[in-house]
1. Can you name every one of the helices (runs of 4 or more DSSP H) wholly within the range A:49-143 that holds 1 or more residues which are within 14 Å of chain B (Cβ to nearest Cβ), modelled with pLDDT under 90 and crowded, with 20+ Cβ neighbours inside 10 Å?
2. Is it true that some residue in the range B:102-117 is at pLDDT below 90, among the small types (Gly, Ala, Ser) and either in contact with a Cys (Cβ under 8 Å, 6 or more places away or on another chain) or surrounded by fewer than 13 Cβ atoms within 10 Å (Cβ to Cβ) (or both)?
3. With the requirement that a residue be within 14 Å of chain B (Cβ to nearest Cβ) and not basic (Lys, Arg), what does the range A:3-42 give you?
4. Identify the single condition in (1) surrounded by 14 or more Cβ atoms within 10 Å (Cβ to Cβ); (2) within 30 Å of residue B:149 (Cα to Cα) that residue B:75 does not satisfy, given that it satisfies every other one.
5. So, in the range B:14-40, exactly how many residues are among the polar types (S, T, N, Q), more than 18 Å from residue B:188 (Cβ to Cβ) and either assigned to a helix (DSSP H, G or I) or over 11 Å from the mean Cα position of the chain (by Cα) (or both)?
6. Here is a check on your reading of the model: is residue A:173 more than 18 Å from residue A:237 (Cβ to Cβ), of a type in the set (Gly, Ala, Ser) and within 14 Å of chain B (Cβ to nearest Cβ)?
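The values are calculated or read from the model by the stated rules, or taken from the named source; none is laboratory data. Predicted, not measured: the structure shown is a model, and the values here were computed from it. Reconstructed Cβ throughout: ideal geometry from the backbone, glycine too, with neighbour counts over all protein chains shown.
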Amino acid sequence: MIRGIWDRETVALMLLAAAFPVFVAWVQADGWYAIGRLIFFLVVAGIWHVIFMLARAQPPSFAGALTALTIAILAPHDLGIFALLLGTSFGVVMAELAFGGWGRNVLNPAVVALAFISFGYPASNWPELAVQIGWAAFPAALIGVLTGVMSLRLLLGVAVVTVITLYAGVDISETWIAGAVVLVLMVCDPVTASATRLGRWAYGAFYAAMFVLFTCQWGDAAPIQIAVAAALLASLAAPLFDEIAISIWLYRRNRRIG
Amino acid sequence: MAAGNLWHTLTEPLVDKNPITLQILGICSALAVTTSLDTALTMAISLTVVLVLSALVVSLIRKHIPGTIRLIVQIVIVASLVIVIDQFLQAFFFDISRRLSVFVSLITTNCLVLGRTESFSRNNPPFPSMVDALGNGLGYSLILCIIGSLRELFGNGSILGFQILRTVDQGGWYVPMNLMLLAPSAFFLLGGLVWAIRSIRTDQAEAPEYAPPETAERAG
């Protein structure tokens, strides 16, 4: 990473900037209801960040705001406040803060929170994302790549699998919006994505492949559930891709140098 | 052995040396049978009975067990007791026995039972061995009851079958959490419990395996 102004919070702010087009499209589609929801999740995530700052001297991060925004966009609408509170707290505390804060987490807190809600309350009513939110994912990815916080290789990995899918004639017209939003908001999170060049290709391709597989085979799931499950599996597999990439690099190097 | 010492042997495994939260033994059954409190209680009682009786038997014949085959002898004793308990449950509590399925038989392979017979009963007279076994059984039971009641309360809104939180299906407000009835929730609850205990009793916390690297903020 470039030294100087680049620290953890700069990356978090750049990710927030990248999420801005999605945020705008979402507020335009849902109106004041969206704002109220966002404030609720911001308060919940913020309280946990402050508690951990006081208890463990972990500096709070703007990444908490990104988590709150992601959950606000994707969480089911008809769930009670208790369930949303529990799911968000679980994701933020168990997936992020317990590990020492953003940057040391293994899984994205929003992915964990949404997976928790998805398995805990399977009958809930997942939101239908408006189509412009899906299109807003493209400028979001562009901002992320230009500012250097999202990996182009990762997105290309997704693109390759998507093109193959379309050629194979699989119908993803129902689910691609959720897939794109989850991609820019959670899968591209540099902390939980793979970190090696080859690993990023594999990671993006794996996410897209899981997404297509679930779209075809998981009949009664909502698009967001499908995308979140694919993101969860991909981030669990991310260290493996890095490990493989490093092994290949070592093997080649040993062959060359002897 | 003095009475105070015995009392110490009995109470120490409850929190200070709890077999589940400190030694992380016997968690397989702790995960599997805690979907409701009644199965958790049955399992806890069965395990405590097996543990105490096997401690008695092993301790009685401790001077006659050849060292080379001691594990086999201990397992035979434990397994016989488990079969007795299993038959007893099938005869008198058939419904619960069916819900516990294979897990009562699996007490045989519970690390907790073998751990106590191997480390304590083998070297101590019968009465202290039984007290130690009872203490460990109660420590195990305590954790099982806590996790079982939490899972039943949040998963079904009830405790021991009595409805505490009225669920939406019954016209109440509580949306039951299906996750609580699946195995991962027991991992989360157990992890949270271990975390809570070790935050209060800091002497139980293990030394960190890695020191976190110096960050830019800290280096200035």
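1. Values: elements: A:63-74, A:81-90, A:109-120.
Of the helices (runs of 4 or more DSSP H) lying wholly inside the range A:49-143, those with at least 1 residues that are within 14 Å of chain B (Cβ to nearest Cβ), modelled with pLDDT under 90 and crowded, with 20+ Cβ neighbours inside 10 Å span A:81-90, A:109-120.
2. No: zero hits.
3. A:4, A:5, A:6, A:7, A:9, A:10, A:11, A:12
4. Status for residue B:75: all satisfied but (2).
5. 1
6. Numbers: more than 18 Å from residue A:237 (Cβ to Cβ): yes; of a type in the set (Gly, Ala, Ser): yes; within 14 Å of chain B (Cβ to nearest Cβ): no.
Criteria not met by residue A:173.
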